[in-house]
1. Return a whole-number percent for the relative contact order of the chain, with Cα pairs under 8 Å and 6 or more residues apart as the contact set.
2. Of the listed values (1) 1.16; (2) 1.01; (3) 1.29, grab the one calculated as Cα Rg over 2.2 N^0.38 Å from the structure here.
3. Place a +1 charge on the Cβ of each Lys and Arg in the chain and a -1 charge on the Cβ of each Asp and Glu, then give the dipole magnitude about the Cα centre in debye, rounded to the nearest 20.
Amino acid sequence: MAGSIELPLPEYDRLPFGSLAHRVRSLDAGEVETLMEYETEHADRPAVRDLLESRLEELRRGATPLGGSP
């Protein structure tokens with residue numbers, strides 16, 4: 001699945017888009033960047049890349065990760 005990279009979301013490769021969209025909100029910028037790198041090197045799904053880029057931009061503008069477990 002993730003190979004040697006430890007991903008911040010368990011079972012990332014198996015998450016449906018709707019779950020991913022919800023769960024990514026609990027991650028910090030570094031964790032979102034990790035997912036972005038992994039996504040680009042593996043499935044490279046445009047909708048997921050857009051989601052991750054959008055969330056990363058929100059975090060850079062001052063948004064904070066939501067509480068709870070990813």
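Taken together, the values in this text are just the output of simple stated rules run on the coordinates, not laboratory data. Source: prediction; values computed, not measured. When we count neighbours, we look across all protein chains shown, and the Cβ atoms used for this are built from the backbone with ideal geometry, even at glycine.
1. Numbers: 53 pairs, mean separation 28.4, N = 70.
The normalised contact order for the chain reaches 41 percent.
2. Matching the structure shown: (2).
3. Values: 8 positive and 14 negative charges, 65 e Å.
Computed about the Cα centre, the dipole is about 320 debye.
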